[in-house]
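First up is the structure itself, then whatever we jot down about it.
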Amino acid sequence: MFNQKPPDLSERRGVVKDRIPEILVYMQESVTQDITVEETANRFGYSKYHFSREFKRLTGFSAADYMSSLKVELAKQALLRNEQSVTNSGFDAGYSSVGTFSTTFTKKTGLSPREYKQQVEALYSVAKKCEETPTTVVGHKHPLASETSRCFISVHYPEGYQAGITFVGLFKSPIPNHRPVAGVALTKKNTHLFEHIPNGTFYLLACFIERTFNPLRYFVLDDCLRGRVQRRIHFPQDHDQTFYIPLRVALPEDPPIVVNVLKLLADSLKT
């Protein structure tokens, strides 16, 4: 009679949901210790299977992908802010293998660590030129017209924020660590019509880089304004819909902005 009834599935899901901000911050603080998903699950009293399933259901991304993105973001900061060598920046971010670090970094940013460091000045020049242009579409391959959709976006800024570049993209994950299926860089306007969007399920994410003469501010985006549409967007169901994106300051539990937005911008200008 002293046995307690185990919590049902809905109760356990609620517990994980309530602890997601705490879990994300813990993973950020522990990522350099090379912790595993299983160790994180155990730390909060869950099995690896239950934790992994609920984490992805609640956040939209896997715990492993989140940890990997955190490491790449730390490596970016070590490369640029601390001017570390490629090898040391990988070790500082918790990688034990330079090869694994280089491969993961390249996959998520579009450039190898060495290229990333070398191209800062060139990509910064691209950003300064873009700031004088109202809209630059970040290129993507257009599917067949019969298989595409469109949507209208409107970005809203906190009071006092005006000059700069706002990057908006449709991503396959809530972590912007890959090329978006469609994207745009806005400078002198806050609206855009996305066309030729392939059918599928996406996340609409945005970040704002305030105009500055400090090149590193265009690459290390941990404290820039950001925003997203809270629900997943489905095409063709959401064809011709209008989406409002309010920008806000970064929160501790926000996933890192890993993708090199200026590299996407530079690539689009070449096509």
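Annotations for the structure displayed:
- The slack in the chain from Thr106 to Ser85, taken as 0.36 nm per residue of separation less the alpha-carbon distance, amounts to 6.0 nm.
- Cα→Cβ-extended label distance, 7 Å offset, between Thr36 and Lys129, nm: 4.9
- Assigned charges on the beta-carbon of Lys, Arg, Asp, Glu; segment 171-271 dipole about Cα centre (debye): 160
- Using a probe of 1.4 angstrom and keeping all protein chains present, the accessible surface of the chain works out to 51 square angstrom per residue.
- Residues of segment 86-127 falling in the label zone of Lys188, defined by backbone nitrogen less than 17 Å from a point 7 Å along Cα to beta-carbon, are 127.
- Between the helical axis of 63-80 and the longest alpha-carbon principal axis of the chain there is an angle of about 50 degrees.
- Taking the three principal axes of the alpha carbon atoms in the chain, the coordinate ranges are 72, 47, 40 Å, sorted in descending order.
- Extension reserve of the Phe213-Arg57 stretch, reckoned as 0.36 nm per residue once the Cα distance is removed: 52.1 nm
- With all pairs of separate Cα atoms included, segment 114-271 yields a Kirkwood hydrodynamic radius of 15.9 Å.
- Positive minus negative residues near Ile233 (Lys, Arg vs Asp, Glu; Cβ under 13 Å): +3
- Charge tally in the Cβ shell below 13 Å around Val184, where Lys, Arg are +1 and Asp, Glu are -1, Val184 excluded: +2
- P(r) tail fraction, segment 166-254 - alpha-carbon pairs more than 17 Å apart, %: 50
- Computed over neighbours whose Cβ is under 12 Å from that of Val259, the net charge equals +4, Lys and Arg +1, Asp and Glu -1.
- Between Pro174, Pro215, Pro236, the residue with the greatest mean-square fluctuation in the GNM of the chain (Cα pairs under 10 Å linked by springs) is Pro236.
- Kirkwood-based shape ratio for segment 142-205, expressed as Rg/Rh from alpha carbons: 1.00
- The angle separating the long axis of helix 9-30 from the principal Cα axis of greatest extent in the chain is about 60 degrees.
- In the chain, helical runs assigned H by DSSP with n ≥ 4 each contribute -39500 (n - 2.57); averaged across all residues and rounded to the nearest 500, the mean residue ellipticity at 222 nm is -12000 deg cm²/dmol.
- Once the mean of 1/r is taken over each pair of separate Cα atoms and inverted, segment 64-197 shows a Kirkwood hydrodynamic radius of 16.9 Å.
The values are calculated or read from the model by the stated rules, or taken from the named source; none is laboratory data. Keep in mind the model is a prediction, meaning the values are calculated, not measured. Neighbour counts are summed over all protein chains in view; Cβ atoms, including those assigned to glycine, are modelled from backbone coordinates with ideal geometry. With ligands, DNA and RNA removed, areas are computed over all heavy atoms of the protein, side chains included. Shrake-Rupley method; radii C 1.70, N 1.55, O 1.52, S 1.80 Å.
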